[in-house]
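We did not get these values from a lab; they are worked out from the coordinates using the rules stated. In this text the structure is predicted, and so the values were computed from the model without any measurement. Backbone-built Cβ (ideal geometry, glycine too); neighbour counts: all protein chains shown.
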Amino acid sequence: MKLKTCIFAATALVASLAGTECSAENYQQGEKTVGLAAGYHTYNQSGAAGVIFTYRFSRHFRLAPDATYIFRHHDTDALQLNVNAQVPFLLGEKWDIFPLAGLNYSSWNRHGSLKASDDNHDVSNRTSRLGLNAGAGANVTLSESLRLGISGRYTFVKGYNGAMFLASISYRF
């Protein structure tokens, strides 16, 4: 699929969701969540863990910054900082689903040993780049203050493209 087609499809999806009605009790302006996330990244086929935060500006828009560490595998690890815009809409009383798009800052480390027998001399080659995120997710509200979520996103970063799948638990306040 061409990039223009993907962008057009994402824009059409967001526009179609903008008219969805939501109950006021589940989507309050100023709602915040903070939580933990864990999952999998496809670039180095490794686990990932991080912290997430969301702030709802309106019932159809929330900003979701996060910091995620991608664990070392195949001598590669990374720290990713993301700021994603989410457009949530309600499915029933407790579920919401959302497309997301945003900015990414990735700092990838490639590790190698100076000598095969001496691991005390680790050499790291760091590459830091900006990228773009696109994806989707879903949340379920278990109680007034507890939310579980899943999300998947693809990060377009020169030389380090990959998908990340996360499950999260958040405190809502």
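Computed over neighbours whose Cβ is under 10 Å from that of residue 168, the net charge equals 0, Lys and Arg +1, Asp and Glu -1. Summed over all non-identical Cα pairs, the Kirkwood treatment of region 31-173 gives a radius of 16.0 Å.
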